[in-house]
Every structure is written in C-alpha cells, then in structure tokens.
Amino acid sequence: MFALETGGLVIDWTQMPTYNTIMSLAAGAGLILLVLLGRALTSREKFSAESWSLAAGVLGVILTLTGAHMTLSWPFAKYFPFDNIIFGETSLGLGVLLLAAAFYLWRRAAVIDVSDDVGALLARTAQPLGVFIFGLGLALFAIAAAGVTFQLFAAPPEEPISGAFAAYPWIEAIFMSGLFALVGVGAVLFPFALRGFSSKARPGALQIIVGFVWGLSGLAFLLFGALNFFTHIGLIVNTMG
C-alpha cells in the first residue's frame, strides 16, 4: 500500500480507500444539529418537525452508508485496522441514531407540531435510546485513551498543514483524542439531561453542558473535515509516486 522511496512516501491509493473527510464533516454537522434542535425546542418559535427531519435524514444517510461500509469491509485492515473502528463504527452509530430521529420526526410530525410541550414529548421518546448513547460515550472515552496511549492520528510529513507536526505525533493525538472525549462527555450525560427537559422550562446545568461540549466538538469536526478536503488531496498528490 505504501513504501518509502528515494523521493519520499509513496502510497497505492487503490488499496486504501478513504472518505473520513465527508464523515468528519457530516459528524460535526450532526452534533451541531442536535445542539440547534435543543435550542429550537426551548425557544418561543413554532417548531417544524419536518424541517428537522430533513436535516437529520441527509446527515444520517451519509454517516450510515460510509460508517457501515468502513465497519463491514475494513478498508484499512492491512495497515491501519484501528481506523476502521475509530471512524467507521462511531460514524455508523451516530448515523443510525440520526436516521431514527429523522424517521420519527417525519412520521409523527402532525402530532409533534401540535404538542403543548414538544421538548418533553421528544425527551420521553428518546429516553430508551439513552443506554446505547451512554455506551457510545464510554466507547469514545476508550478511543480517546487509545489515541493518547498509542499516539494515533499523526499525519505523515507529506500531508499539507497537518504534516508540519509529523515529528510531534502527540500534538495531533491529543487534539483528536480531546475531540472524541468531548463528544463522549455529552453522550454520557445525555440520558440524564433528558430528565426534566421541557419546552416550557429553561435548560438546566446538564443540558447546558451537553450543548456546550457537542457544539464545540461539532464545530471542530466540521472545520477539521472541511480542512481535510485540502490536506488529504494534497497528501494524495504528494504520494502518488
């Protein structure tokens, strides 16, 4: 798949399909979407379930398809098998959750839109998923710990921008692990933040924390994914041989 030659790193890209660019972009947008959904549920504006269903469905399809392909086919199996777990399985989990939300919001839009407390209704509906979301949070903590312990996520020097830190792998390891840990904090607290959630009440401390960590990490994943459309293309150009 790759080799070090006199001209530098050479990668056979036909043996390593990668698409964590769009995955990162969609995951970041998905986290931000959940934060904005929470804000919409506690605002005084009229709630439109169909519009939120559309947004969740678009992101859910992208993450489910790419996450499922990476999870089931393991495109990085020969050299970077851990990437299939880190990016594939987490994207699949978030994607399916977004698809489930999209289906429910679309299917029950007529009932949701006339509810006198949409926030409480959706919180009760989401409560059974809390166990899985809590588990995903623990998994994200494990990924963050693995990233720091084994210094994962480091870019090769041939990759523009990120490759400038190739000699210091702990920098990107801490950065990416920190993002996964932030998302994990929100996921672990999410089931507890659902308790007492209501469109008629101001957000509580747990709800504010979940919104903050998901908003911050979502923005970081969104921007990092957008940046990778340049850096990954540059890496391909620099390593085609």
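The values are calculated or read from the model by the stated rules, or taken from the named source; none is laboratory data. It should be emphasised that the depicted structure is a prediction, and the values quoted were computed from it without experimental measurement. For neighbour counting, all protein chains shown are included, and Cβ atoms are generated from backbone atoms with ideal geometry for every residue, glycine included.
Here is a check on your reading of the model: is W74 of a type in the set (F, W, Y) and free of Cβ contacts under 8 Å to residues at least 24 places away in the same chain? Spelling it out, W74 is indeed of a type in the set (F, W, Y) and free of Cβ contacts under 8 Å to residues at least 24 places away in the same chain. The sole residue among A155, A193 that is modelled with pLDDT of 95 or more, in contact with a helix residue (DSSP H, G or I) (Cβ under 9 Å, 6 or more places away or on another chain) and either crowded, with 19+ Cβ neighbours inside 10 Å or among the small types (G, A, S) (or both) is A193. May I ask you to list the residues in the stretch 36-75 that are of a type in the set (D, E, K, R) and in a helix (DSSP H, G or I)? Scanning the stretch 36-75 gives R39, E50. Every listed requirement among (1) without any contact (Cβ under 8 Å) to a residue 40 or more places away in the chain; (2) hydrophobic (A, V, I, L, M, F, W, C); (3) outside any loop (DSSP other than H, G, I, E, B) is met by F153 save one, (3).
Selection over the stretch 76-101 of residues that are crowded, with 18+ Cβ neighbours inside 10 Å and not in a helix (DSSP H, G or I) gives a count of 1.
Scoring E172 on the criteria (1) part of a helix (DSSP H, G or I); (2) modelled with pLDDT of 95 or more; (3) of a type outside the set (V, I, T) leaves a single failure, condition (2). Taking the stated definitions as given, is W13 among the aromatic types (F, W, Y), surrounded by 14 or more Cβ atoms within 10 Å (Cβ to Cβ) and over 22 Å from I208 (Cβ atoms)? Spelling it out, W13 is indeed among the aromatic types (F, W, Y), surrounded by 14 or more Cβ atoms within 10 Å (Cβ to Cβ) and over 22 Å from I208 (Cβ atoms).
Does S217 meet the test of being within 30 Å of F47 (Cα to Cα) and out of contact with any Ser or Thr (no Cβ under 9 Å at 6 or more places or on another chain)? Here the answer is yes, as S217 does meet what is asked. One residue is enough: does the stretch 52-63 have a residue meeting the conditions surrounded by 22 or more Cβ atoms within 10 Å (Cβ to Cβ) and at pLDDT below 95? No.
Contact map, the stretch 42-68: first residue at negative phi and among the hydroxyl-bearing types (S, T, Y), second residue assigned to a helix (DSSP H, G or I) and at pLDDT below 95, Cβ cut-off under 7 Å, separation 6 or more or different chains; pairs are S48/D113.
Of all residues in the stretch 129-148, none satisfies being modelled with pLDDT of 95 or more and more than 30 Å from D83 (Cα to Cα). Report, by residue number, each residue of the stretch 197-232 that is more than 21 Å from the chain's Cα centre (by Cα) and free of Cβ contacts under 8 Å to residues at least 40 places away in the same chain. G204, A205 - these are the residues of the stretch 197-232 that are more than 21 Å from the chain's Cα centre (by Cα) and free of Cβ contacts under 8 Å to residues at least 40 places away in the same chain.
Of all residues in the stretch 181-216, those satisfying the criterion of being aromatic (F, W, Y) and more than 17 Å from L33 (Cα to Cα) are F192, F197. Is it the case, given these coordinates, that I233 is closer than 30 Å to I11 by Cα and not polar (S, T, N, Q)? Criteria met by I233. The single residue among L235, L222 that is crowded, with 16+ Cβ neighbours inside 10 Å, modelled with pLDDT under 95 and assigned to a helix (DSSP H, G or I) turns out to be L235.
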